[in-house]
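Input: a single structure, listed below in C-alpha cells.
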Amino acid sequence: MLLALANQKGGVGKTTTAVNLAACVGRRGGRVLAVDCDPQSTMTRQLGIEGRWLAVTLVDILAGRAAAADAVVRDVAPRVDAIPAARELSGVEMALVGELGRERFLSDALEPLIAGYDLVVIDTPPNLGLLTVNALICADVVLAPVSCEDEASVQGLVELRATLSKLSRLRGTDPQLTTLLTRWAPGRVLSGVIEAAVADLGLRALVRVPARAAVGQAGAQHIPLALAAPDSCVTIAYEQLAAELVAVSAR
C-alpha cells in the first residue's frame, strides 16, 4: 500500500504520524519504506538521519541523477527503510514545472521498489504544490491529519479533497481519503467541534491521537515515540491506526 500524508495546513501532525505509523507497522512485522517529500526534511531528522552526510537524496531521484534504490537508507528503525529529503527539493520542484509528465516523477521513481515493501508512507510539505501532487498521484490511500487545536486544519482537509477530485482525470481512479484527529483532548470543546466538522464532511476519523508533550520530545530526540515509549497512549493510538489502515486497504 502507498500512503500519502497530506494537509496543506502545517502543524497538524503529518510528520509525527508518518514516523510513528512506519515504526508501528515495522513492529508488527511489516516492511516499510518512508519517503520524505518535504524540503524541510523533518521526517528525515526524526528518523535520525544526518542529512549532511548523505550522497543521494530524493533531490537526486527527482532530478534524474539517481535511481530510487540508490537513495534508500536501510534500517532507520526496525524493518523501516527511508528515502531522505534535502532543502534543495524546493528548487527541484520549481524545475519540474516545465517538464512533461511532471505529476508522475515520484510514482515512476518508486515503482521498482514497491514490491519489496508492505507499506510505503510518504510525508508531504504543508501545501498543495507539485511535490504533494506527485505524492497524491501515486497514493492508494491519502491520510489527512486534522489537529484538534486548529480549526484551519479542517479547511485544509476540504481543499485537499477538492485537489484530489481535480487529479482524478490524471489518475483514472481516486485514492481513498481518510483522516485522523491529532492533539485530541477528551472534554475539550474545540476537540468536539472539530470532530463534528470532520464528520459533516462525510469522513470518519480512524483514530484520535491524544495531545501529549512526549510527542514533541521524541521528535527532538530523533526517535519515533512508538519506539521510545511503546506503552504510551499515543503509541497505542498509532498501533490502532496501523490496524485500521490494514482494514482500509483490504476494502
Residues with beta-carbon under 12 Å from that of L190, excluding L190: net charge, scoring Lys, Arg +1 and Asp, Glu -1?
-2
What number comes out for accessible area per residue over segment 81-238 if the probe is 1.4 Å? Units Å², please.
45 Å²
In the neighbourhood of Q46 defined by beta carbon distances under 13 Å, the net charge of the other residues (Lys, Arg +1; Asp, Glu -1) is -2
With the dipole of the chain worked out from charges on the C-beta (+1 for Lys and Arg, -1 for Asp and Glu) around the Cα centre, which of L180, Q155, I114 lies farthest toward the positive end?
L180
Ignoring solvent entirely, what values of log10 I(q)/I(0) come out of the Debye formula for the chain at 0.14 Å⁻¹ when each Cα is a single scatterer?
-0.88
Dipole check, segment 152-251, charges on Cβ (K,R +1; D,E -1), about Cα centroid: among P224, G202, A242 the Cα furthest to the positive pole belongs to G202
Protection proxy ranking, peptides 19-27, 202-210, 107-115, average beta carbon neighbours within 10 Å, highest first:
19-27, 202-210, 107-115
222 nm [θ] for the chain, helices only, -39500 (n - 2.57) per DSSP H run of 4+, per residue, to 500?
-13500 deg cm²/dmol
Scaled to the compact-protein estimate 2.2 N^0.38 Å, what is the alpha-carbon radius of gyration of segment 2-87, rounded to two decimal places?
1.04
Length-normalised contact order for the chain - Cα pairs under 8 Å, 6+ apart - percent:
27 percent
For the chain, give me the percentage of DSSP beta bridges that are antiparallel, rounded to the nearest 5 percent.
5 percent
10 Å binning of all Cα-Cα separations within segment 148-251, expressed as whole percents from 0 upward:
14, 36, 36, 14, 1
Once neighbouring chains are kept in place and the probe is 1.4 Å, which whole percent of the accessible area of segment 64-201 is contributed by carbon and sulfur?
52 percent
Mean Kyte-Doolittle of at least 0.0 plus a Cα span of 24 Å or more along the axis: flag which DSSP H helices in the chain meet both, please.
152-171, 233-250
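The values are calculated or read from the model by the stated rules, or taken from the named source; none is laboratory data. Since the model is a prediction, treat every value here as computed from it, not as a measurement. A quick note on method: Cβ atoms are made from the backbone with ideal geometry, for glycine too, and the neighbour counts reach across all protein chains shown. Protein only, heavy atoms only, side chains kept; ligands, DNA and RNA dropped before computing areas. Shrake-Rupley method; radii C 1.70, N 1.55, O 1.52, S 1.80 Å.
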